[in-house]
Amino acid sequence: MGESERGESAPRVRVGFWCANGHDTRIVFAHDVEVPETWDCPRCGLPAGQDQQNPPPPPRTEPYKTHLAYVRERRSDEDGAALLEEALQRLRARRGA
Ligand SMILES: [Zn+2]
């Protein structure tokens, strides 16, 4: 830290980060520090990127699922598969006719 002892301020870079909620955050980095690609938005906690037009998408939050929720989900999957099969059979029947 010889520079500060001599009373000189080290060169710094100011970098803007934008999150998906449109918050902009200005972070000042020392010139010799590697600027990260993303920065956690201090206002909402979402990842913020340096491209204002294309902020990083919010991370997927996996809600806690109960066993019942898993069972229901599986059942709806089976229903969906049955509906798909039914639709395919109808389509085949129509093609055959
Ligand atoms: Zn934000």
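The values are calculated or read from the model by the stated rules, or taken from the named source; none is laboratory data. Note that the structure is a prediction, hence the values are computed from the model and not measured. Just so you know, the surface numbers come from the protein's heavy atoms only, side chains and all, with ligands and any DNA or RNA stripped out. Shrake-Rupley method; radii C 1.70, N 1.55, O 1.52, S 1.80 Å.
For segment 58-97, which residues satisfy the criterion of being within 30 Å of His23 (Cα to Cα) and modelled with pLDDT of 85 or more?
Residues of segment 58-97 that are within 30 Å of His23 (Cα to Cα), as a first pass: 58-64.
Passing the criteria: only Pro58.
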Report summary line: Residues in segment 58-97 that are within 19 Å of the chain's Cα centre (by Cα) and open to solvent by less than 100 Å² (accessible area, probe 1.4 Å) total 3
